[in-house]
Each structure stands twice: as C-alpha cells, then as structure tokens.
Amino acid sequence: MNVKETVSPVQMSTLFFIFMTGSAIINIPGPLIGFAKNGAWLSLLISSAFGFFALACMLYLHNKYPGSTYIDYAKKMVGPWLTALLSVPLILTMCHMASGIVLDMGLFLTTTMMKKTPIFVFNAFTFTLIAFTVRAGIEVMVRMFTNLILIMLFFVFIVLLLSIPNYHPDYILPIMPDGIKPVLHGAYFSFGFPFAESFLFAMLLPFAKKNPGKKYSLNRWMYIALLLNTVILILSVICVIFVAGPVSGDVKYSLYMVARLIDFQDIIQRIESVIGMTLIAGSYMKATVVLFVLNLTLNRLFALQNDRLLIFPLALITLFLSVVIFDSEIQWFDIVSSKWPLWIGAAGFVPLLLLTLIASCKQK
C-alpha cells in the first residue's frame, strides 16, 4: 500500500460507489422497511441528504489541503495530540465496522445456505482474502472491484426485472400509514448505514490523480457516485415493497426472498443464489476498503516506515472481534439498528464537521 499509488477521479468515485452500495443493497431494504414501512424510500432521501453534506465537507477539506489525508490535515489544524485523541474512537469504529461487515456475511451464510457450518470458518477465510487484497494496494483493488460491482449490479437488475410479474404497485400505499415518526426512525437507521460511513473516504481522496485542466473533476464524479447509490437503494426498496408489501420488513434479507419467488416460464426458478453471491462480493469489497483505511490511519498517525506491517495483525484482531462481538443474532441486529448510527455519527461524522468548521474559520 504505497502512498505514491494513484487512481483516476472516475476510479475513486467508482470505489466510493462500491463502498456505499456493496453490502447495503442487500442488507438495507428489509430492516429499513420494518422501521419506516411504505415510507422507507422517504427515509433514504432524508439520510442521503446527510450523506451529501458529509461528502461536501470531505471535498472541501481535500481541496483546501490537497495531497493530505484526514489525519494529516487534522494534525495541521488541531495538533498531533488532539488528533490522536480524536483518532481513538475512529480506529475503534473501523475495527467494529470491518468485523461487523464480515459478521453480516457469515450470518447470512449460516442462516440461509450452510446452517451447520461454524461462522468462524467463513469469517477466517474472508479476512484472509481481505488482508491479501489490502496488501496488493488501492490500484489493484479498484481494477478488481470495478468488475465485481458490474457483475453484482447485473444480477440485481436481472432479479428486479424477472420479478415484474410479482409486482403489486398498490402495496406502496399508504406511504406514511403511521405518520412521520417511522420515516424519521428509518432515516436514523440508514444514516448510520451506509451514509455516515462515507467519512472514511477523507483518508482516500489524496490517492486520486489531479487533472490540471479539470480542477473539480473529482468533486463532480463523487457526487454522481453518491446520487447513483441513492437511486439504486431507493429502487431496491420500492421493488421489495411491490413484491412483499406489508411483510417486507419481517424478512432481513428481503431481496433474497424476492429472488426465491421468481418463476419465469418454468425455466428460470429459485435464482436466490445469485443474490447470495452478490451479498458475499459486496461485503468482501466494503470490508477490504475499511481495513485499507484502518491500516492507512494507523500508518499516518504513527508515521510508520513499513505501511504493510499492520495489515495481517489488524485482520487477525478484527477476525477475533467478529466472533465475540455478539451473543445472538437478535442482539447484533439491535446494535446495528439502534446504537451504530449514534456511534459512527459521534466518531466520524461530528469530527469531520468540526474540522470543516475550523478550516472555514481559519480561511476567513
């Protein structure tokens, strides 16, 4: 992982889109509909506004301190000691995030496909692959992940198209049967996952190449990536409601359930396995980005000479954390739905806003 590695603005925005869409497209619809009912798509609109605001802050700081990561310009603005203090909850959050993403994948496999296989087996194999991918560097990650996300989106759109005979548009009404509170609850949930998680890219933006003639090329592509992410998540939520209606929120992996219902001319049936592969690929890509940023954060914080030294120890720590982080699946769902948005907001979103405010005041 060399800091001299660079990717184009389009590749950086593609990586951002992959990170935001990866596991969210499978994990978001069910729980979000459970909280917000038919107004789940409104919840996404509200939470995505915070995502755009966080992205604007990251791009502002990136343009003000070109070539510097979040840790670098935090040291310039508030000093190394306060930066180290702010980094403690950030590092703990990323450890929790990486382990949680892989844990979600393991829970999916052990509850839907291979129920007798211990979850540790899936987690260990996944973290081994993630560690080797992080070691390969960001250029390799972007090239490989671009192909994977195209395959993922192809399978998802095929599932949504083949489900058209099962659509019941009248299920979307009434939009807010219980008022605005469930919609705000859904916005709180989707703010924590995935939109508040976008702050990690404050560490990755310096890897984007500078185009001398196109000063704001990166800004434009990053906004486009977030807009596409929002549109795709809203589309998947609406399609799930069209198929399952009121019971959509009772199924965690609702898109997987939608794929199971496909019966096209008695030829194409039970294609839920492609959704399973989509979840695995998306979780793998997102967890890889998180471990990459975690390793980069520690390297920039302690100015380590060998930027690959901590990759495998961090992978081992997050692997063990993924096994002991929960006692039951119900407890894990409670952590993700109620505590995670508050935790990640305090550890990443709020410090990013404070640094943006300090930078703007210094400029004035």
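Taken along the Cα-to-beta-carbon direction at a fixed 7 Å, the label points for Leu228 and Leu353 span 2.9 nm. For the range 103-142, the carbon plus sulfur part of the accessible surface works out to 69%, probe radius 1.4 Å.
Kindly flag which residue pairs out of Lys64/Lys181; Lys116/Lys252; Lys339/Lys362; Lys75/Lys209; Lys210/Lys362; Lys286/Lys362 have an alpha-carbon separation exceeding 27 Å in this structure.
On the way: Lys64/Lys181 39 Å; Lys116/Lys252 20 Å; Lys339/Lys362 34 Å; Lys75/Lys209 23 Å; Lys210/Lys362 25 Å; Lys286/Lys362 35 Å.
Over 27 Å apart, Cα to Cα: Lys64/Lys181; Lys339/Lys362; Lys286/Lys362.
Here the spin labels are modelled as points 7 Å beyond Cα on the Cα-Cβ line, and at Thr6 and Val324 they lie 4.4 nm apart.
Only four residue types carry charge here, +1 at the Cβ of Lys and Arg and -1 at the Cβ of Asp and Glu. Report the dipole size of the chain about the Cα centre in Debye, rounded to the nearest 20. Don't jump to the answer; show the numbers that get you there.
On the way: 24 positive and 15 negative charges, 283 e Å.
Charge dipole, the chain, about its Cα centre: 1360 debye, nearest 20.
For the pair Arg220 and Phe154, a Förster radius of 25 Å applied to the C-beta separation gives a FRET efficiency near 0.50, rounded to the nearest 0.05. Name the trypsin sites (Lys or Arg not before Pro) in the range 108-142 that are in a loop by DSSP and that have at most 13 other C-beta atoms within 10 Å, would you? Loop-located and lightly packed - Lys115, Lys116.
A DSSP coil position with no more than 16 other Cβ atoms inside 10 Å describes none of the chymotrypsin sites (Phe, Trp or Tyr not before Pro) in the range 227-314. For a paramagnetic label modelled on Arg308 (point 7 Å from Cα along Cα→Cβ), amide N atoms under 18 Å away belong, within the range 130-171, to 130-144. Mind checking the angle between helix 217-244 and the chain's longest principal axis? C-alpha axes, 0 to 90 degrees, to the nearest 10. The answer is roughly 20 degrees. Placing dummy labels 7 Å off each Cα toward the beta-carbon, the span from Ala136 to Leu316 is 2.4 nm.
On the basis of the beta-carbon distance and an R0 of 30 Å, Lys115 and Asp334 show a calculated FRET efficiency of 0.85.
The Cα center of the range 147-171 and the Cα center of the range 7-43 differ in position by 15 Å. Its DSSP H runs of at least 4 residues, each contributing -39,500 (n - 2.57), put the calculated 222 nm mean residue ellipticity of the chain at -23000 deg cm²/dmol, to the nearest 500.
Helix 119-136 and the longest principal axis of the C-alpha atoms of the chain enclose an angle of approximately 40°. For Val7, the residues whose modelled amide H falls within less than 5 Å of its own, excluding neighbours fewer than 5 places apart on the same chain, are Ala208, Lys209. Helix 80-112 and the longest principal axis of the C-alpha atoms of the chain enclose an angle of approximately 20°. Under the criterion of Cα pairs below 8 Å and six or more residues apart, the relative contact order for the chain equals 41 percent.
In plain terms, the bigger the Kirkwood radius, the slower the diffusion; for the chain, with that radius from Cα pairs, at 20 °C and 1.002 mPa s, Stokes-Einstein puts D at 102 µm²/s.
If we sort 68-77, 225-234, 31-40, 163-172 on the protection proxy, mean other Cβ atoms within 10 Å, highest first, what's the order? Working shown, then result.
Working: 68-77: 21.1, 225-234: 19.3, 31-40: 26.1, 163-172: 13.2.
Those peptides, ordered most packed to least, come out 31-40, 68-77, 225-234, 163-172.
Between the range 294-361 and the range 57-95, the C-alpha centres lie 13 angstrom from each other.
The values are calculated or read from the model by the stated rules, or taken from the named source; none is laboratory data. Everything numeric here is computed off the predicted structure, so don't read it as measured data. All Cβ positions, glycine included, derive from the backbone under ideal geometry; neighbour counts span all protein chains shown. When the accessible area is computed, the model is the full protein with side chains, heavy atoms only, and any ligands, DNA or RNA have been set aside. Shrake-Rupley method; radii C 1.70, N 1.55, O 1.52, S 1.80 Å.
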